[in-house]
1. Tally the residues that are of a type in the set (Gly, Ala, Ser) and either part of a helix (DSSP H, G or I) or within 14 Å of the chain's Cα centre (by Cα) (or both), restricting the search to region 28-45.
2. I'd like to verify a number: residues in region 6-20 that are touching a Phe, Trp or Tyr at 6+ places or on another chain (Cβ under 7 Å) and open to solvent by less than 70 Å² (accessible area, probe 1.4 Å), how many?
3. Check region 7-18 and report whether any residue there is within 14 Å of the chain's Cα centre (by Cα) and either outside any strand (DSSP E or B) or of a type in the set (D, E, K, R) (or both).
4. What are the residues in region 46-95 that are assigned to a strand (DSSP E or B) and open to solvent by 70 Å² or more (accessible area, probe 1.4 Å), if any?
5. State whether the residues of region 35-43 include one that is open to solvent by 40 Å² or more (accessible area, probe 1.4 Å) and in contact with a strand residue (DSSP E or B) (Cβ under 9 Å, 6 or more places away or on another chain).
6. Identify the single condition in (1) outside any helix (DSSP H, G or I); (2) touching a residue at least 24 places away in the same chain (Cβ under 8 Å) that Val25 does not satisfy, given that it satisfies every other one.
7. Please identify the pairs in which a residue from region 42-54 that is more than 17 Å from Met26 (Cα to Cα) has its Cβ atom under 6 Å from the Cβ atom of a residue that is surrounded by fewer than 11 Cβ atoms within 10 Å (Cβ to Cβ), counting only partners at least 6 apart or on another chain.
Amino acid sequence: MRFFYQRHETEQQIKITLSSTSFYVMLGMLATWFVNQYFLHSTFFSQAFVPVVFTFMFIRFFFVLKVQKEVWEATKRGSVKTSGSKFSLSNPFTYWIEK
């Protein structure tokens, strides 16, 4: 899924780029919940928003877990190279897996 990661495969290698946007969306959701919980005290908002946050985190976890399993297997073989940063929007974290 493009929102969580992008995968491009050629005959020689697989390129997986993790999306920093989904990470920042998750942080924004947690910050919004924190502001509501400690400053606004809106029970209705919490009851509606917390399930959305947990659902997003659950979905993100399983999409990224799929990638991490593939990278872990390639790491065992010693065929993984990385670049970029998890926190950078202009230079996202990228895995190159040699086939």
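1. Of region 28-45, the ones of a type in the set (Gly, Ala, Ser) are 28, 31, 42.
From the residues that got through so far, the ones that are either part of a helix (DSSP H, G or I) or within 14 Å of the chain's Cα centre (by Cα) (or both) too are 28, 31.
Number of matching residues: 2.
2. Initial filter on region 6-20 (touching a Phe, Trp or Tyr at 6+ places or on another chain (Cβ under 7 Å)): 13, 15-20.
Restricting the remaining residues to those that are open to solvent by less than 70 Å² (accessible area, probe 1.4 Å) gives 13, 16-20.
Residues flagged as touching a Phe, Trp or Tyr at 6+ places or on another chain (Cβ under 7 Å) and open to solvent by less than 70 Å² (accessible area, probe 1.4 Å) within region 6-20 amount to 6.
3. The initial filter retains those residues of region 7-18 that are within 14 Å of the chain's Cα centre (by Cα), namely 7, 16-18.
From the residues that got through so far, the ones that are either outside any strand (DSSP E or B) or of a type in the set (D, E, K, R) (or both) too are 7.
For region 7-18, residues within 14 Å of the chain's Cα centre (by Cα) and either outside any strand (DSSP E or B) or of a type in the set (D, E, K, R) (or both): present.
4. Just the residues of region 46-95 that are assigned to a strand (DSSP E or B), to begin with: 80-83, 85, 92, 94-95.
Within region 46-95, Lys81, Thr82 qualify.
5. No: zero hits.
6. (1)
7. So the pair list comes out empty.
One line per residue, one yes/no per condition, for (1) of a type in the set (S, T, N, Q); (2) in contact with a helix residue (DSSP H, G or I) (Cβ under 7 Å, 6 or more places away or on another chain):
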position	(1), (2)
Gln6	yes, no
Tyr24	no, no
Leu40	no, no
Ser46	yes, yes
Phe61	no, no
Ala74	no, no
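The values are calculated or read from the model by the stated rules, or taken from the named source; none is laboratory data. Please read all numbers here as calculations on a predicted model, not as lab measurements. Neighbour counts are summed over all protein chains in view; Cβ atoms, including those assigned to glycine, are modelled from backbone coordinates with ideal geometry. All accessible areas refer to the heavy atoms of the entire protein, side chains included, with ligands and DNA or RNA removed. Shrake-Rupley method; radii C 1.70, N 1.55, O 1.52, S 1.80 Å.
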